[in-house]
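Inspection log for the structure reproduced underneath, given as structure tokens.
The values are calculated or read from the model by the stated rules, or taken from the named source; none is laboratory data. On a predicted model such as this, the values are computed, not experimentally measured, just so you know. Quick reminder, even Gly has a Cβ in these numbers, built from the backbone with ideal geometry, and neighbours come from all protein chains shown.
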Amino acid sequence: MRNRPHRFPFLLLALVFCGALASARAESALSSSSDFARYAMKLRENALLRIEPPVTSNRPSFSFGFSKYPWKVGIVTTVFWVGEHPTQNNPVPNYKSSWDTAWARNFGGYDNPDPATRRNFIPAKFVPRQNPFYVALPFNDVTRGTTKPESRRVIPWFREAFEREGKSVCKGRWIAIRYRGRICYAQWEDCGPFRTDHWQYVFGNERPRPNLNQGAGLDVSPAVRDYLGMGGKDVTDWKFVDFKDVPNGPWAKHGDNNTFVLQRRGENLFFADRNNAHSARKR
């Protein structure tokens, strides 16, 4: 019987050859695709480099950082009050404020700081007609009936709050004060301690400048002191807050200047924080 040649080795060789050819073609296609992708990315990068940079605000970059209103940390804080008599360390009496020539009268009386004369964060003898949770910071945005030129440049909310020349956009603004893990909220109602021109600290990164109260950079009312459990002079942190971010609390109860009170009355009055009050009415 004649022996037939074995065809299996030849078939195997053919299959191996075809597989190698297909692999080579796939590798070539992959290489071409990869080259194309890299070329496309290079074109995109070159196009992006030709785009002009975006226009930036002329407001100082340190005003915000990574947070709209960053905390001012480790600020020597003193207590002041409506109707306070002048002293050696506080030569200016507080019968009037930087923005209210009849502050004591409009407040409703003497905001006695003696804890024995206070109940529920207010004087025991009368209910104040203005928010008893108030503070002073060392900058005034107006002077002699005009708005200071730097105010337009450094105050973050100036554009939204400005009404007319010489009217403050800082008065009534809310701030948060933090002390030993507790946070109180109050309204900016006066300027000090000692200075009214230090915008680099109030809106920037500078530290308070030296003064008779160990470089104090914040004055707080007796109500703020009592809520936080502070002494007459302590170290706190503070920052600005929009009204929509202020929670309810004892600071929401009293005062014709109080955003919470105005909101409850449904009054549509213009004041420094008007844009935030508008947002609050929608809540």
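With respect to the stated conditions, LYS239 fails to be at pLDDT 95 or above, among the charged types (D, E, K, R) and crowded, with 18+ Cβ neighbours inside 10 Å.
Only one entry of PRO132, PRO113, PRO123 meets the criterion of being buried (at least 22 other Cβ atoms within 10 Å of the Cβ), more than 28 Å from the chain's Cα centre (by Cα) and closer than 20 Å to PRO250 by Cβ, and that entry is PRO123. Of all residues in the stretch 140-161, those that are at pLDDT below 95 and part of a loop (DSSP other than H, G, I, E, B) total 2.
Would you check if there is a residue in the stretch 268-275 being over 29 Å from PHE126 (Cβ atoms) and either assigned to a helix (DSSP H, G or I) or modelled with pLDDT under 95 (or both)? Yes; the residues of the stretch 268-275 include at least one that is over 29 Å from PHE126 (Cβ atoms) and either assigned to a helix (DSSP H, G or I) or modelled with pLDDT under 95 (or both).
So which residues in the stretch 111-139 are among the basic types (Lys, Arg) and either farther than 26 Å from LYS239 by Cα or at pLDDT below 95 (or both), if there are any at all? Talk me through it step by step, then tell me what you get.
Going through the stretch 111-139, the residues among the basic types (Lys, Arg) turn out to be 118-119, 125, 129.
If the condition is that a residue be among the basic types (Lys, Arg) and either farther than 26 Å from LYS239 by Cα or at pLDDT below 95 (or both), then ARG118, ARG119, LYS125 are the ones that fit.
Contact annotation: residue pairs with Cβ atoms under 6 Å, 6 or more positions apart or on different chains, pairing a residue in the stretch 225-240 that is of a type in the set (S, T, N, Q) with a partner that is modelled with pLDDT of 95 or more, are THR236/ILE75; THR236/THR77; THR236/ILE177; THR236/TYR179.
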